[in-house]
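The values are calculated or read from the model by the stated rules, or taken from the named source; none is laboratory data. Since the structure is predicted, the reported quantities are computational estimates derived from the model, not experimental observations. No Cβ is skipped: glycine too gets one built from the backbone with ideal geometry, and neighbour counts run over all protein chains shown.
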Amino acid sequence: MSFRDTCRRTVILLIALLSGLSFDAFGNPPNASESQSLGNGECVVLLHGLARTWRSMEKLADTLRAAGYHAVNLDYPSRKKTIERLAIEVIPEGINRCKAVGAKRIHFVTHSMGGIVLRYYLAGRAIDRLGRVVMISPPNHGSEVADALRQNFLYQWLMGPAALELGTDGDSLAEKLGPADYSLGIIAGSYYSFFDAWFASLIPGEDDGKVSVESAKLEGMADFLVVPGTHTFIMADDDVIAQSIHFLRHGKFRRSSDH
């Protein structure tokens, strides 16, 4: 590969990696002590994806609150620590904030790597009052993007240690966590944007520009849904939000045949 080709590929990579960062990089995280009614007695902990912030999940959080849930929209340093460290530091915060308001059930809705953070925690620990879990575009069997970029200094620098754990080989963390033994619904995307076209070329089958539909699946899941969403924006899609709430309420996604 020529120097010019290397530079061009690096620029494309930089634009693609940053495309998901610029939309929610600013603003202060939500106030953990902010007063919020418990509504239906159920609390939902939201976990954003790699290199994102709480802002990427705030539309979903607002809709959950309007539906009567107490939403805890966590912010965490996804690019600075391993998945293990994130799991043991972040998940208890969400649980404690739910218990502090007297929640009878504690649900989770995650995007992308947030699902792997939760899976790591649940693999070794039980959560008292655990309700249902919705994972949106989770790389449950890793991502070919992580495989291709693992040795790239730019990827390592921008994405941090957790990103290096999301490969598809047998040594990847996601492959070691085992099946779900809790009520789990998964939503996968099947559309990718212009910015993700190069990433999509690395992924076999349908994908959302970062994660394949097949990789999102997990043994033990209660329901699975594919929507025409992109990885960067899928968690803010109106239908995805409505389907997430439907699963929290009923343990399944809404189908056209449902009345």
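Residues in the stretch 76-126 that are in a loop (DSSP other than H, G, I, E, B) and over 19 Å from the mean Cα position of the chain (by Cα): Val101, Gly102, Ala103, Lys104, Arg125, Ala126.
The listed residues are Lys252, Lys217, Lys210, and the only one of them that is of a type in the set (Lys, Arg), in contact with a strand residue (DSSP E or B) (Cβ under 9 Å, 6 or more places away or on another chain), on the phi < 0 side of the Ramachandran plot and buried (at least 20 other Cβ atoms within 10 Å of the Cβ) turns out to be Lys210. Answer yes or no: is there a residue in the stretch 233-246 that is in contact (Cβ under 8 Å) with a residue 24 or more places away in the chain, part of a helix (DSSP H, G or I) and touching a His at 6+ places or on another chain (Cβ under 8 Å). Yes, some residue in the stretch 233-246 is in contact (Cβ under 8 Å) with a residue 24 or more places away in the chain, part of a helix (DSSP H, G or I) and touching a His at 6+ places or on another chain (Cβ under 8 Å). Asp258: exposed (fewer than 14 other Cβ atoms within 10 Å of the Cβ), free of Cβ contacts under 8 Å to residues at least 24 places away in the same chain, within 25 Å of Glu42 (Cβ to Cβ) and not β-branched (Val, Ile, Thr), yes or no? When the stated conditions are applied, Asp258 passes them. For Pro139, work out the one condition from (1) part of a helix (DSSP H, G or I); (2) modelled with pLDDT of 95 or more; (3) within 18 Å of the chain's Cα centre (by Cα) it doesn't fulfil. Going through (1) part of a helix (DSSP H, G or I); (2) modelled with pLDDT of 95 or more; (3) within 18 Å of the chain's Cα centre (by Cα) one by one, Pro139 breaks only (1). Can you confirm whether Ala148 is farther than 23 Å from Arg85 by Cβ, among the aliphatic types (A, V, I, L, M), surrounded by 14 or more Cβ atoms within 10 Å (Cβ to Cβ) and free of Cβ contacts under 8 Å to residues at least 24 places away in the same chain? No, not satisfied.
For the stretch 50-73, enumerate the residues that are of a type in the set (A, V, I, L, M) and either crowded, with 22+ Cβ neighbours inside 10 Å or not in a loop (DSSP other than H, G, I, E, B) (or both). Spell out the reasoning first.
Keep residues of the stretch 50-73 that are of a type in the set (A, V, I, L, M), which gives 50-51, 57, 60-61, 64, 66-67, 71-72.
Once the filter is applied, which keeps residues that are of a type in the set (A, V, I, L, M) and either crowded, with 22+ Cβ neighbours inside 10 Å or not in a loop (DSSP other than H, G, I, E, B) (or both), the stretch 50-73 yields Leu50, Met57, Leu60, Ala61, Leu64, Ala66, Ala71, Val72.
Scanning the stretch 156-174 for residues that are in contact with an Asp or Glu (Cβ under 6 Å, 6 or more places away or on another chain) and small (Gly, Ala, Ser) yields one hit, Gly167.
Kindly indicate whether Ala103 is farther than 18 Å from Ala51 by Cβ and either among the aliphatic types (A, V, I, L, M) or crowded, with 21+ Cβ neighbours inside 10 Å (or both). For Ala103, the condition - farther than 18 Å from Ala51 by Cβ and either among the aliphatic types (A, V, I, L, M) or crowded, with 21+ Cβ neighbours inside 10 Å (or both) - is met.
Restricting Ile203, Ile187 to those that are modelled with pLDDT of 95 or more and either among the hydroxyl-bearing types (Ser, Thr, Tyr) or touching a helix residue (DSSP H, G or I) at 6+ places or on another chain (Cβ under 8 Å) (or both) reduces the list to Ile187.
Residues in the stretch 154-176 that are at pLDDT 90 or above, over 16 Å from the mean Cα position of the chain (by Cα) and not in a helix (DSSP H, G or I): Gly160, Thr168. Evaluate the following for Pro179: is it in contact with a strand residue (DSSP E or B) (Cβ under 8 Å, 6 or more places away or on another chain) and farther than 27 Å from Arg55 by Cα? In short, no. Restricting the stretch 119-145 to residues that are within 22 Å of Gly251 (Cβ to Cβ) and touching a Leu at 6+ places or on another chain (Cβ under 6 Å) leaves a set whose member that is surrounded by the fewest Cβ atoms within 10 Å (Cβ to Cβ) is Ala123.
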